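Trainee: After the C-alpha cells below, expect a handful of questions from me.
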Amino acid sequence: MKRLLYLLIFVLTFGSCSEYQKVLRNDDVSPKYKMAEELYKEGKYKKALRLFEQIVPQYRGKPQAERVMYYYSDTYYQLEDYYLAGYQYERFVKSFPRSDKIEEAAFKSAKSYYYLSPRYSLDQTETTTAIEKLQSFINTFQESEKLAEANTLVAELREKKERKAYEIAKQYHHRENYKVAISAFDNYLVDYPGSPFKEKVLYYKLESEYLLAIGSYENLVEDRLEVAQGYYNNYKKYYKSGEYTEKAEEIAQDIKSRLEQFK
C-alpha cells in the first residue's frame, strides 16, 4: 500500500515537473501565460517568474499586457527582489496610468525602495531615494488607504538618516576633533531641527566646546569658556530636565569656576 502511495506521489510530481518543462520549452505563449498565472496564484513564484520572463516581451502592446506586467512586477516583489520589483512597478505605472492597479503598484514600487534602505551605519543614498519615492506616492495619492503607512515609513527613514548624521558628528567628538564636531553639530541642527537626537546634539556640542576650551592655549581659554557657557544656556532653554541635565550642570559649574579666575 505504501509503495503504491509513493509511486502515485512520484508520478504526480514527475508529471507536474514534466508538464512545466514542456511548457517552458514551448514556443506558444498562450500555455506559458496560463501556467505562469496559475503558479503565481499558488505562490510558486520562482517557477512563475521563469515563464513571465519569457512572455512579457511577447505581450507588449496587446490587451493582456497590463495583467501580465502586473503579475511580473509582483512576482519580483513576492520573491523579495526589491531592486527589480521597484523598477518593474515603475515601468508598470508609466505604461498603464489608467490601470485600476496603479495605486497599489505605485505604493509597492515605493515600498520596494524602502526595503532597500540599509542600516543607519551604512551609506544612506538608497534611504534618500526611498524617501523621495514614498513622498511622491503621498503627493500623488492623497486619499489612499496606504497614506498612513507611507507617512510612517517616511518618518522611519528620516530618523535613520538623522541618526547617521548624528553618529558621524559624535565620532568627531569622541576622536577629540572638537572644532569639526561643533561644526557638524551646528549643521545637524540646521538640517534636522525637530530631530529626536536634538538633546544629545546640544549636549555634545556643549561638551565639545568645553573640552576644546580647557585644552586650549591660555589666551584662548576665557573666550571659549564663554562660548561653552552660551551652549549650556541653549541646552537648558530646551531641556530643563533631560537625559543629560546632570552632566550639563557639572560642566556649567566648572565653567563658572574657571571663568571666575579670570576676574
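The values are calculated or read from the model by the stated rules, or taken from the named source; none is laboratory data. Here the structure is a predicted model, which is why all the values come from computation and not from measurement. Here the Cβ is made from the backbone with ideal geometry for all residues, glycine too, and neighbour counts use every protein chain on show. For accessibility, only protein heavy atoms count, side chains too; no ligands or nucleic acids. Shrake-Rupley method; radii C 1.70, N 1.55, O 1.52, S 1.80 Å.
Trainee: Any idea which of (1) more than 30 Å from PRO118 (Cβ to Cβ); (2) assigned to a helix (DSSP H, G or I) is the one TYR70 doesn't satisfy?
Mentor: Status for TYR70: all satisfied but (1).
Trainee: Tell me which residues, restricted to the stretch 57-86, are under 18 Å from the mean Cα position of the chain (by Cα) and surrounded by 16 or more Cβ atoms within 10 Å (Cβ to Cβ).
Mentor: TYR77, ASP81, TYR82, LEU84, ALA85, GLY86
Trainee: Return only the number of the condition from (1) open to solvent by 40 Å² or more (accessible area, probe 1.4 Å); (2) within 23 Å of the chain's Cα centre (by Cα); (3) farther than 30 Å from LYS108 by Cβ that THR152 does not satisfy.
Mentor: In the conditions (1) open to solvent by 40 Å² or more (accessible area, probe 1.4 Å); (2) within 23 Å of the chain's Cα centre (by Cα); (3) farther than 30 Å from LYS108 by Cβ, THR152 misses (3) alone.
Trainee: Restricting the search to the stretch 130-184, which residues are free of Cβ contacts under 8 Å to residues at least 12 places away in the same chain and among the hydroxyl-bearing types (Ser, Thr, Tyr)?
Mentor: Answer for the stretch 130-184, where residues must be free of Cβ contacts under 8 Å to residues at least 12 places away in the same chain and among the hydroxyl-bearing types (Ser, Thr, Tyr): THR152, SER183.
Trainee: Within the stretch 123-143, track down each residue that is open to solvent by less than 70 Å² (accessible area, probe 1.4 Å) and over 11 Å from the mean Cα position of the chain (by Cα).
Mentor: Of everything in the stretch 123-143, those that are open to solvent by less than 70 Å² (accessible area, probe 1.4 Å) and over 11 Å from the mean Cα position of the chain (by Cα) turn out to be GLN135, SER136, PHE137, ILE138, PHE141.
Trainee: Only one of these conditions is not met by ALA150: (1) more than 26 Å from LYS94 (Cβ to Cβ); (2) part of a helix (DSSP H, G or I). Which number is it?
Mentor: Every listed condition holds for ALA150 apart from (1).
Trainee: Kindly indicate the residue of the stretch 175-203 that is in a helix (DSSP H, G or I) and closer than 15 Å to GLY215 by Cβ and also least open to solvent (accessible area, probe 1.4 Å) among those meeting that condition.
Mentor: ALA181
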